[in-house]
């Protein structure tokens, strides 16, 4: 594991409305050397992404203002942002069986509770392409 002083120059935006999830993800990813920012709504994520495009978006499915599918769709309809890699974070298995995601290009799905090693593997696979 890297130390906080080590940087790998990748910027990850986390969009989740649960403070405990954000704290875990932020702490873990910063220890791995990533630059991390957190937003707690879809609207805040769009604002942040337009100001500074992240290398990866970790996106919770269930949020109060718009769900992860809606936000991913808005991002992918934007010609400047449409290639932004998105990892969807889900708590409910049945969320995967809906047709809501059929037209989206997701780079992966992370299930809660989050397995840190599995998350890190997926992140590295996406960012090292």
Handout entry: Residues of region 62-71 classified as surrounded by 24 or more Cβ atoms within 10 Å (Cβ to Cβ) and part of a loop (DSSP other than H, G, I, E, B), total
Key = 0
Handout entry: Number of the condition not met by residue 7 [criteria: (1) in contact with a helix residue (DSSP H, G or I) (Cβ under 9 Å, 6 or more places away or on another chain); (2) modelled with pLDDT under 95; (3) surrounded by fewer than 19 Cβ atoms within 10 Å (Cβ to Cβ)]
Key = (1)
Exercise for the section: For region 39-46, state whether one or more residues are closer than 17 Å to residue 127 by Cβ, in contact with a strand residue (DSSP E or B) (Cβ under 9 Å, 6 or more places away or on another chain) and in a loop (DSSP other than H, G, I, E, B). Expected result: no
Exercise for the section: Go through 114, 89 for me and flag whichever is assigned to a strand (DSSP E or B), under 18 Å from residue 18 (Cα atoms) and under 15 Å from the mean Cα position of the chain (by Cα). Expected result: 89
Exercise for the section: For region 76-85, indicate whether the set of residues that are closer than 18 Å to residue 124 by Cα, surrounded by 14 or more Cβ atoms within 10 Å (Cβ to Cβ) and at pLDDT 95 or above is non-empty. Expected result: yes
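The values are calculated or read from the model by the stated rules, or taken from the named source; none is laboratory data. If you're wondering where the values come from, they're calculated on a predicted model, not measured in any experiment. Counting neighbours? That spans all protein chains shown, and the Cβs are built from the backbone with ideal geometry, glycine included.
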